[in-house]
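For reference, the structure is listed below as structure tokens.
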Amino acid sequence: MTAQALDGESLRRLTDVITSLIRSPMIGEADVVHDTFVIERVLPASPERVFAALADPEAKRRWFAESPSHDVEAFEMDFRVGGLAHARYRLKPGGPFAGAVLKSDGTYLDITFGRRIVEASTLTLGGRRISASLVTITLTPASHGTVLTCAHQGAFFEGADGPDRREAGWRRLLDQLAKALAH
């Protein structure tokens, strides 16, 4: 086989084909899946105590970050409007992504003491961004504690965990928060 030089027109057509293949989604994949879910929990603590469990890095790490399914390699929070949140986990054997790094990077957009936290974040798995989310947590006093409402708005990219798994994950996290507050 001999190499031949492409004329200008042939090179342009080849470049156009390659560019369109790079920019188009793979067959059977959507560019992005949008989803919103809302979870409400009645927690056995005052709004101030619930807020502290969300705002204090050590307290939040215990119920939010630690898990038998991964090692926590980093967990940092600069809890103020404009502050950053960063978590890095290495997934343990037993799951489909054993050894992979899961990383979350966020920014606090709004904080109203004892009432509301709004955070925008991205999630990467193995160095590939899989989602972008806006999470709003509101706290409302109730007769037996606090009603926590978690509204999650997400854009899930190719290879993402998807809306159903993300909602299930948030439900588990809020169960863990309830257990932490019960003690």
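Taking the range 36-64 as the range and being touching a helix residue (DSSP H, G or I) at 6+ places or on another chain (Cβ under 7 Å) and either small (Gly, Ala, Ser) or at pLDDT below 95 (or both) as the test, the residues that pass are PRO44, ALA45, ALA52, ALA53, ALA59.
Condition check ((1) part of a strand (DSSP E or B); (2) in contact with a Ser or Thr (Cβ under 7 Å, 6 or more places away or on another chain); (3) among the hydrophobic types (A, V, I, L, M, F, W, C)) across all residues:
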| residue | (1), (2), (3) |
| --- | --- |
| LYS60 | no, no, no |
| ALA87 | yes, yes, yes |
| GLY106 | yes, yes, no |
| ASP110 | yes, no, no |
| LEU123 | yes, yes, yes |
| CYS150 | yes, no, yes |
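Candidates VAL72, VAL118: the one that is within 25 Å of PHE156 (Cβ to Cβ), touching a Ser or Thr at 6+ places or on another chain (Cβ under 6 Å) and part of a strand (DSSP E or B) is VAL118. Go through the range 151-169 and give me each residue that's of a type in the set (A, V, I, L, M, F, W, C) and exposed (fewer than 15 other Cβ atoms within 10 Å of the Cβ). Within the range 151-169, just ALA168 meets the criteria. Exactly one residue out of ALA30, ALA74, ALA98 is aliphatic (A, V, I, L, M) and either modelled with pLDDT of 95 or more or surrounded by 15 or more Cβ atoms within 10 Å (Cβ to Cβ) (or both), and it is ALA74. Cβ-Cβ contacts under 6 Å between residues 6 or more apart (or on different chains), taken from a first residue in the range 107-120 that is without any contact (Cβ under 8 Å) to a residue 60 or more places away in the chain and farther than 14 Å from ALA53 by Cα to a second residue that is exposed (fewer than 13 other Cβ atoms within 10 Å of the Cβ) and among the hydroxyl-bearing types (Ser, Thr, Tyr), are absent.
Assess whether SER67 counts as being within 17 Å of the chain's Cα centre (by Cα), at negative phi, surrounded by 10 or more Cβ atoms within 10 Å (Cβ to Cβ) and at pLDDT below 95. So SER67 passes the test. Only one of the listed residues (THR140, THR112) is touching a strand residue (DSSP E or B) at 6+ places or on another chain (Cβ under 6 Å) and either surrounded by 15 or more Cβ atoms within 10 Å (Cβ to Cβ) or more than 22 Å from HIS34 (Cα to Cα) (or both). That residue is THR140.
The values are calculated or read from the model by the stated rules, or taken from the named source; none is laboratory data. Keep in mind that what you see is a predicted model, and the values were worked out from it rather than measured. Glycine gets a Cβ as well: all are built from the backbone with ideal geometry, and neighbour counts include every protein chain shown.
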